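Enquirer: Before anything else, here's the structure in question.
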Amino acid sequence: MYEGVVQNLIDELGMLPGVGPKSAQRIAFHLLAADPADVKRLAHALLEVKEKVRFCRVCGNVAAEEECRICRDARRDDHVICVVEESKDVVAIEKTREFRGRYHVLGGAISPIDGIGPDDLRIRELMTRLADGRVTELIIATDPNLEGEATATYLARLVKPMGLKVTRLASGLPVGGDLEYADEVTLGRAFEGRRLLDV
Amino acid sequence: MHVAHLSLADFRSYESVELDLEPGVTAFVGPNGQGKTNLVEALGYVATLSSHRVAGDAPLVRHGATRAIIRAAVVKDDRRALVELEINPGRANRARLNRSPVPRPRDVLGLLRTVLFAPEDLALVKGDPSERRRFLDDLLVARAPRFAGVRADYDRVLKQRGALLRTAALARRGRGGPRRAESEAAFAAAGAGDVLSTLEVWDAQLARYGAELLGARLELVEALRPLAAEAYAALAPGSGAATLSYRSTLSTGGDTESDVSAGGGVSTGLSTESRSLGITPAVTDRDALAERLRARLLEVRQAELERGVTLVGPHRDELFLGLGDLPARGYASHGESWSFALALRLAAYELLRAEGTDPVLILDDVFAELDTQRRRRLAEIVAPAEQVLITAAVPEDVPAELSGARFDVSEGSVTRVA
């Protein structure tokens, strides 16, 4: 245990995801040794992020203003919405530059163990967005795990009566990989989701 | 296949031990409490990634050490593979194959196949249904390692669904019910209307993974039935026929007594009544099973919502063991129970063997429990196996038919004597 303030800092850092006690200690001592101006900048950035950043009132993505950059972009396709669990999934999909539609961030996945039900996710907001009939396709891009699948199934059932096209991202083989190294589940899924080779 | 080398570091009582092993019979002899079982337990762990003696990993690590390492060189069809497991209680275990790390320990499942006979096997006959379900599921994983994933997914669905049902049960009893503290957060989170719509989603997931598990179990029981009957008849001739049947919560009625047999053949020992009720071997189509599971879930929904537990699914099924016209559990004598447990293991051995490779047979302290006749018969059955590892307290416990290499085990040291 260290002197009060130092230990406080270590404890606080240790609460961050992916930071264990050893790393927390290392970061704390790095900060102690660092230039005061650098530390002030970090502290400022931390405060600012909490003060300024909010969630887009349309899609739920992190935003600096009322609406996020993507929702404000008039060039994006209004007919397709891609549903993801977290803001970081938006970033991942944006990197592909493949998708030009809009997003909807749920804020998690259905998980009764963690006490998360549909009402805790931004599903009502999604339904409101779909209500005007402009959207023709809903792409469900929740994680390919049990909770993500459950959420996808839930959404698909919910929007079915609205008559729009609902798709799910394919799961399968990684590009550039070797077939022999794929695990059985992934390979099995890839078989399920095989498609016609059009030549 | 056989194990050519076993090396342990900080595993159970062993700080370090290196053993060269050969095909054929090897006996580990020494007084109780000297570490014989620890050796074979380590091999069982390499094969199944779990111990046959304890549920958690913590007892496997030598007192005072932080991790245990098991290394086993496995020879199959003249090819040698080195499997290395690092057991880290409380953290993720790690595995290496031929000195290269694999992404998940699960990836080394199937490299070593063992069939382990141990005093604990008596629970297969006398114990709770969960023991017999575990027997089936472990064997499924041994045959197709993919099932380790199916099993894990099914367990997770059960947990999620259970949490949801408990929330619903709480909501019905109103706040301030006796189990209020248990899932306050869950209660607050899910409105009552939510629960039903979300439940349907989890029903679908349960049906999907449940059907896969159930279908595989039904096929497995079908394959085991004749082998177990044959093995039992060989071990204990003239004491009634051993029968297996799978009783599923899927069939209507719900209580296990009136349930269905997987095969429905006359040899099940169950009457025609059970055959008319339900599942025949042909009906192991996964989609059909999933459909039936969902339908059953709807039937029991009211009861589930009241009790807050999933009442239908492979986790509540039973592998029924019959001896003559009676259930083995509760009716069989001690000796008969032992023979039945051995017959189940032998059936598993035959099944794995039929796929082309002899699994390694491990007989942990079983001969002491058997009378001379059964001892001799068991010895005759296992003698031709590619590799048999035996533990015994005294050399006399090892039947003459099973002569081979011998190690003395005392106070944590293992010495070859013959």
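Any read-out appearing in this document is the output of simple, stated calculations on the displayed coordinates, not a laboratory observation. These figures come from a predicted structure and were not determined experimentally. Don't worry about glycine lacking a Cβ; one is built from the backbone with ideal geometry, like all the others, and counts go over all protein chains shown.
Enquirer: Could you calculate the FRET efficiency of B:Arg286 with A:Glu51 from 1/(1 + (r/R0)^6), where r is the beta carbon distance between them and R0 is 56 Å, rounded to 0.05?
Expert: With a Förster radius of 56 Å, E is 0.55.
Enquirer: Further question: How far, in degrees from 0 to 90, does helix B:129-143 lean away from the longest principal axis of the Cα atoms of chain B, to the nearest 10?
Expert: Compared with the principal axis, the helix lies near 70 degrees.
Enquirer: Suppose every K and R has +1 on its Cβ and every D and E has -1 on its Cβ; what is the size of the dipole of chain B about the Cα centre, in Debye to the nearest 20?
Expert: 1300 debye
Enquirer: Take the alpha-carbon positions of the protein assembly as shown, form their convex hull, and give its projected area averaged over all directions (one quarter of the hull surface) in nm².
Expert: That works out to 36.2 nm², a quarter of the Cα hull's surface.
Enquirer: List, in order, the whole-Hz ³J(HN,Hα) value for each residue of region B:75-80 obtained from phi through the Karplus relation with A = 6.51, B = -1.76, C = 1.60 and θ = phi - 60°; use x for Gly and Pro.
Expert: 3J(HN,Hα) across region B:75-80, in whole Hz: 10, 10, 6, 6, 10, 9.
Enquirer: Along the charge dipole of the protein assembly as shown, which of B:Leu39, B:Pro101, B:Ala9 sits closest to the positive end, that is, farthest toward it, with unit charges on the beta carbon of Lys, Arg, Asp and Glu (+1, +1, -1, -1)?
Expert: Of the listed residues, the answer is B:Pro101.
Enquirer: For helix B:372-382, report the angle its Cα long axis makes with the longest principal axis of the Cα atoms of chain B; keep it between 0 and 90° and round to the nearest 10°.
Expert: For B:372-382 against chain B, the angle is about 90 degrees.
Enquirer: Right, next: What ranking do B:141-150, B:212-221, A:90-99 get when scored by the average of other Cβ atoms within 10 Å per residue, highest first?
Expert: Highest mean packing first, the order is B:212-221, B:141-150, A:90-99.
Enquirer: If packing is taken as the mean number of other Cβ atoms within 10 Å per residue, what is the order of B:334-347, B:286-299, highest first?
Expert: Ranked by mean Cβ neighbours within 10 Å, highest first: B:334-347, B:286-299.
Enquirer: In whole Hz, what ³J(HN,Hα) sequence does region A:175-183 give by Karplus (6.51, -1.76, 1.60; θ = phi - 60°), x for Gly and Pro?
Expert: Going residue by residue, I get 5, x, x, 9, 3, 5, 8, 6, 6 Hz, with x marking Gly and Pro.
Enquirer: Which whole-number percent gives the relative contact order of chain A, counting Cα pairs below 8 Å spaced six or more residues apart?
Expert: Dividing the mean separation by the residue count of chain A yields 13 percent.
Enquirer: Any idea what the relative contact order of chain B is, in percent, if you count C-alpha pairs under 8 Å spaced at least 6 apart?
Expert: It rounds to 24 percent for chain B.
Enquirer: A follow-up question, please. Check B:Arg62: other-chain or 5+ apart residues with amide H under 5 Å from its amide H, H built from backbone geometry?
Expert: B:Phe11, B:Arg12
Enquirer: Subtract the Cα-Cα distance of B:Ser130 and B:Thr357 from 0.36 nm times their separation in residues, and report this length gain in nm to one decimal.
Expert: Taking 0.36 nm per residue and subtracting the Cα distance, the gain is 78.9 nm.
Enquirer: Residues with amide H under 5 Å of B:Gln387's amide H, sequence separation 5 or more or different chain, H placed in the peptide plane at 1.01 Å from N; which?
Expert: B:Gly24, B:Leu361
Enquirer: Going by a ≥ b ≥ c, the root eigenvalues of the Cα gyration tensor, does chain B fall in the rounded group (a/c under 1.5), the prolate group (a/b larger than b/c) or the oblate group?
Expert: It is oblate, given that a/c is not under 1.5 and a/b is not larger than b/c.
Enquirer: So, one more: Sequence-distant or interchain residues sharing an amide H contact under 5 Å with A:Arg168, placed H: which?
Expert: A:Ile140
Enquirer: What do you get for the angle between helix B:36-48 and the principal long axis of chain B? Use alpha-carbon atoms, 0 to 90 degrees, nearest ten.
Expert: Helix B:36-48 and the main axis of chain B meet at about 50 degrees.
Enquirer: Inside 10 Å of the C-beta atoms of B:160-166, what's the mean count of C-beta atoms belonging to other chains?
Expert: Other-chain Cβ atoms within 10 Å of each residue's Cβ, averaged: 4.
Enquirer: Between B:Ala383 and B:Val417, what is 0.36 nm times their sequence separation minus the Cα-Cα distance? Round to one decimal in nm.
Expert: 10.2 nm
Enquirer: Per residue of A:90-101, how many C-beta atoms from partner chains lie within 10 Å of its own C-beta, taken as a mean?
Expert: Partner-chain Cβ atoms within 10 Å, mean over residues of A:90-101: 0.
Enquirer: Can you order the peptides A:172-178, B:223-229 by their average number of other Cβ atoms within 10 Å per residue, highest first?
Expert: For the peptides A:172-178, B:223-229, the packing ranking is B:223-229, A:172-178.
Enquirer: Using the Karplus curve 6.51 cos²θ - 1.76 cosθ + 1.60 with θ = phi - 60°, what ³J(HN,Hα) values do you get for each residue of region B:5-10, in whole Hz, with x for Gly and Pro?
Expert: 3J(HN,Hα) across region B:5-10, in whole Hz: 8, 10, 9, 10, 9, 6.
Enquirer: Which of the three applies to region A:4-52, rounded, prolate or oblate, going by the alpha-carbon gyration tensor with a ≥ b ≥ c and a/c under 1.5 meaning rounded?
Expert: Verdict is oblate for region A:4-52.
Enquirer: Taking neighbour counts of Cβ atoms within 10 Å as a proxy for exposure, in what order, fewest first, do B:Lys36, B:Lys159 appear?
Expert: Taking fewest neighbouring Cβ atoms as first place, the list is B:Lys159, B:Lys36.
Enquirer: Something else now. Ignore the peptide's own chain and count Cβ atoms of other chains within 10 Å of each Cβ in B:197-208; give me the average, rounded.
Expert: The mean count of partner-chain Cβ atoms within 10 Å per residue comes to 4.
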